[in-house]
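Let me begin by presenting the structure, written as structure tokens, before commenting on it.
The values are calculated or read from the model by the stated rules, or taken from the named source; none is laboratory data. Because the structure is predicted, anything quoted here is derived from the model rather than measured. Neighbour counts run over all protein chains shown; Cβ positions are idealised from the backbone, glycine included. Note: areas computed on protein heavy atoms with side chains; ligands, DNA, RNA excluded. Shrake-Rupley method; radii C 1.70, N 1.55, O 1.52, S 1.80 Å.
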Amino acid sequence: VLDILEFPDPRLRTVAKPVDAVTDAHRELIDNMFETMYAAPGIGLAATQVNVHERILVIDLSEEQNQPRVFINPQVDILDPELGEYDEGCLSVPGYYETVNRPRRIAVTALDRDGKPIAEELDGLLAICLQHEIDHLNGKLFVDYLSPLKRNRIRKKLEKDQRRRD
Ligand SMILES: O=C(O)C[C@@H](Cc1ccccc1)[C@H](O)SCc1ccccc1
Ligand SMILES: [Zn+2]
């Protein structure tokens, strides 16, 4: 299981680099990311969150944790600009859930864990989660969509919890 970086760790603000060739090392990282995500538990995890700054993310929305999805170098096109709202959480901002609005329907192109191109149209929670994870790869967190007041309150509480743990 890998350590998950927590807000306001500045490393979460790194913009991840594209993967030029998917190697066995990437596949080992992906397996470790799934193990870390399932243990959290979570339904999504971006490489940025485990301090690896390459454009790789994993998702599994299933209860049984048996529907793993891998997106490498994901690119999103908005199909329906209408926004949907969802109370998002984040493994890097533990304990907080806030309403975030995102485009409801998107098209995504990416590479899979074997480096094969994939292209899909998504909506629902998968579309929300994918956009949340791609934000991570761009150094963005869901708290960035909140007011500065709310974001600073969350930051102060997490910093206090972290000081108590140290
Ligand atoms: O990227 C992460 O930190 C994991 C996120 C993924 C996610 C964010 C917003 C909306 C959907 C998924 C979650 O914290 S995983 C925890 C979780 C579990 C079930 C439903 C929502 C969030
Ligand atoms: Zn997150």
³J(HN,Hα), Karplus 6.51/-1.76/1.60, whole Hz, each residue of the range 81-98, x for Gly, Pro: x, 4, 8, x, 10, 8, 7, 8, x, 7, 5, 8, 9, x, x, 10, 10, 9
Percent breakdown of C-alpha pair distances by 10 Å bin, ordered from the shortest bin, for the range 19-113: 14, 42, 37, 7
Given charges at beta-carbon only (K, R positive; D, E negative), |dipole| of the range 40-110 in Debye: 260
J(HN,Hα) series, the range 152-157, from Karplus relation 6.51 cos²θ - 1.76 cosθ + 1.60, nearest Hz, glycine and proline x: 5, 5, 5, 4, 4, 5
D_trans [Stokes-Einstein, Kirkwood Rh over alpha-carbon pairs] for the range 113-161, 4 °C, 1.567 mPa s, µm² s⁻¹: 97
Cα lying deepest toward the dipole's positive end in the chain, options G139, L45, L158, charges on Cβ: L158
The range 6-148, relative contact order [Cα under 8 Å, separation at least 6], %: 26
10 Å binning of all Cα-Cα separations within the chain, expressed as whole percents from 0 upward: 10, 39, 38, 12, 1
Net charge dipole size for the chain [Lys, Arg +1 and Asp, Glu -1 on Cβ; Debye, nearest 20]: 980
Per-residue HN-Hα couplings for the range 12-17 [Karplus 6.51, -1.76, 1.60; θ = phi - 60°; Hz; x = Gly/Pro]: 5, 8, 5, 8, 6, 8
Per-residue [θ]222 nm for the chain (sum of -39500 (n - 2.57) over DSSP H runs n ≥ 4, rounded to 500): -9500 deg cm²/dmol
Solvent-accessible area, 1.4 Å probe, carbon plus sulfur percent, for the chain: 49
Built amide H within the under 5 Å cut-off of L79, gap 5+: R105, I106, A107
DSSP beta bridge pairing in the chain, given as percent antiparallel to the nearest 5: 95
Built amide H within the under 5 Å cut-off of G84, gap 5+: R102, R104
Residues whose placed amide H lies under 5 Å from that of E98, excluding near-sequence neighbours: E88
